[in-house]
1. Being open to solvent by 10 Å² or more (accessible area, probe 1.4 Å), in contact with a Gly (Cβ under 7 Å, 6 or more places away or on another chain) and not in a strand (DSSP E or B), is that true of even one residue in the stretch 164-172?
2. In the stretch 410-420, is there at least one residue being buried (at least 24 other Cβ atoms within 10 Å of the Cβ), under 26 Å from ASP464 (Cα atoms) and within 12 Å of the ligand (Cβ to nearest atom)?
3. Can you tell me how many residues in the stretch 37-78 are under 17 Å from SER12 (Cα atoms) and touching a residue at least 60 places away in the same chain (Cβ under 8 Å)?
4. Among the residues that make up the stretch 405-419, is at least one of them charged (D, E, K, R) and within 18 Å of PHE377 (Cβ to Cβ)?
5. For residues that are touching a residue at least 60 places away in the same chain (Cβ under 8 Å), within 16 Å of the ligand (Cβ to nearest atom) and crowded, with 22+ Cβ neighbours inside 10 Å, tally how many sit in the stretch 326-356.
6. When you check TYR446 against the structure, is it in contact (Cβ under 8 Å) with a residue 60 or more places away in the chain and within 16 Å of the ligand (Cβ to nearest atom), yes or no?
7. Might you let me know whether the stretch 225-245 holds any residue that is within 19 Å of ASP464 (Cα to Cα) and among the β-branched types (Val, Ile, Thr)?
8. Quick one: would you say THR88 is of a type in the set (S, T, N, Q) and surrounded by fewer than 22 Cβ atoms within 10 Å (Cβ to Cβ)?
Amino acid sequence: MSDKKMQVVFASAEAAPFVKTGGLGDVAGSLPRALVAAGADVIVMVPKYGTIASEYTDRMEHVADFYVSLGWRNEYCGLERLVIDGVTYLFIDNERYFKRDYPYGFFDDGERFAFFSKAVTESLQHLPEGFQCDVLHCNDWHTALAPVFLREFYQGLPLYERVKTVFSIHNIAFQGQYADTILNDILGMAHIPNAARQLRCDEHSINYMQGALDYSDAITTVSPSYAWEIQTPEYGEGLDGILRRRSNVLSGILNGIDTDAWNPATDPMIHANYSAADMSGKKACKAALQEELGLEVRDDRPLMVMVTRLTRQKGMDLVTYALDRILSGGVQVAVLGTGDYEEPMRYFANKYPGTCAARITFDNALSHRMYAGADMFLMPSLFEPCGLSQMIAMRYGTLPVVRETGGLRDTVAPYNQFTGEGTGFTFANFNGDEMGDAVFRGARLYWDDHAAWDQLVQNAMAADFSWVRSADEYMNLYHNLHPEIDITKPEPVVQEPEPAEPTAVEAEPAAPAPEPAVTEAEPAPKTEQAAEPADDAKAEAPAKAEEPAPKAEPATEPAKKTAAKKTTASKTAAKKPAARKTAATKSTATKAAEKPAAKATATKPAASKAAATKTTAAKAAATKTTAAKATATKATAAKTTAKKPSTASATKTATKSTATKAAPAKAAAAKTAADKPATAAVTAPKAAAAKTAPAKASTSKTATSSAAKATAKPAAPKATAAKAAAPKAAAQDSSAATPADKPAPKAKSVSAAKRTTRKR
Ligand code: ADP
């Protein structure tokens, strides 16, 4: 084992707080910090977009510049550094490609992100002193070509020999598919048969993500269930064949949430703070939210909210189908979101004043108030790679009602009425009636069994969704690729025993408390919930006995955590030569040397959660079968590819520069079996081409020839945005019929939905 730290370059097209359009930004914004805390050195590479706030750009330091070959082009690339929270960010600067008002949606996205991937790969030679990249961790299609370039163009250089590549899929719906003309014109790989073969997805197209799946040493996705699902035709979007072939290197690692930003005990945006130990603030939050949204202010109505993109992926078809039944059954519903289903939401808000509210906007502060003030959170997704909202909801003691798919299945343990275990309510099939049933399972429990309800709330709030757990899993993955690097966690240097009693300067050694162990036993979640009599609740409970009131078992004991863990922790700390690590850190003298010693984040997975998880696990088996069957809807393969081979007539100047000096194609992917990926019925990235990319000729720094402007056009992806099947029909059918009366909505294919929902 060497003393070298694991040094990771994390490449992403977005990273909060600099640029974020969705979950990828959240992950790239918080995972690197957690990796640093777990003992890694991390450099995050992000394009330097024109939209990054000046508070950041002003502080950036120029560290290097060089040229990157891209087909016949030679493009300027600057590296601008910023260090925040121990993480070094290197922004890839090329104004021609990135100085625009939005990260994606331009006609030349294929070229822009091919450049980004090549620039990332090239940058590994220009890293700050002492940083020797062990793992290049790429995310989604925007960086998918980096592992391909690395193996085909750079493999021969000693510096690159040790670099292992990890590719993470955050949403397989976006793959980066373009006309194969760019294989030569932009990628400069047409002459490399292995590369051409492994990138090609059909007769006329190549697929960036497919390249990454073939070339990377390890593949991850954002939840274990999604890792399994994308190996099926229903969810695989044409890449399931490759994923099955590479299943030995594929794993699912759950995302976490920022538990500081989402903390009901300290959240400044909510009406009243509260914690698992004292839930009184949540009641106040609910009343305030009801008032704010124009709902009847009464506690006997369970309030269910959604904070979401209003798209098919998020299950809006089921929602519009079942909303009449839910609203007329006595459940209040409030929706915050934007998207394809705004009109149906307005319709219900008008139809059920005082019971239903719709806020068609993006409002972060209101989202906090909704997570805090609600009783239930609805998330009936068609597919869900991971999902953050359900985790946030649980953190706020708001019980999720979710479909058992992807990350939802992995994070929400279904309520077990016999044991009292669980953290929410779940259903398996993409079916409006099943969803309605699940909602009423929750509502009935809310009305009929306060003790059981409160116990579920405690369970949910005790669940651990911090990044610590996931960061450890990533570290293990990196370690598997580099077993010679020790990944033992750095000792929390903070461990020093605080001066016990600074007041007493008397000779007395500050009370060596005979019971040292039991220092601060964590605030064990209160077992007995304030089983609030809520007598009035019953009174008003809607007569509609949709569900037989489940007999509530006396809730099981919540997690009881002892201080033992702590004791052992400090014991080991004492034993370990913490100094060694620190010294090692120094010697690596990377940029990130200024890093504060890894934060001692105390993860405390609740034992109760563990139990609950088991239940899910057991259930998962059963579910899998149903789910698989349920989604019998086929992945409508034949997806339009809309290739517009309008390549620019590339003035063929051979690919040179840096790439040339690298050893020639080593075809690292010799492993790739002959089996060609099942004709990828892939969707091309959003065709917001309409946005007419400014494509202004390079500005100051971009020393590219203006000829480059006549760049090859990537397969102008077709904006098939086939309107999501309007849920109007369902919406109009306002009869609050019993489940049996209603025809189940047709479950449409996953891919069909994706086509309508892509955001980047
Ligand atoms: P997605 O597929 O959209 O990334 P996630 O559940 O992973 O879904 O994350 C969605 C995030 O965006 C959550 O933090 C959620 O609170 C937030 N969000 C979604 N819609 C809105 C909105 N209209 N206003 C405020 N926040 C929103």
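1. Scanning the stretch 164-172 turns up at least one residue that is open to solvent by 10 Å² or more (accessible area, probe 1.4 Å), in contact with a Gly (Cβ under 7 Å, 6 or more places away or on another chain) and not in a strand (DSSP E or B).
2. yes
3. 6
4. yes
5. Here the count works out to 2.
6. no
7. no
8. In short, no.
The values are calculated or read from the model by the stated rules, or taken from the named source; none is laboratory data. For clarity, every value in this text was computed on a predicted model and none was experimentally measured. As a convention, Cβ positions derive from the backbone with ideal geometry for all residues, glycine included, and neighbour counts pool all protein chains shown. Areas reflect the complete protein model, heavy atoms only, side chains present, ligands, DNA and RNA absent. Shrake-Rupley method; radii C 1.70, N 1.55, O 1.52, S 1.80 Å.
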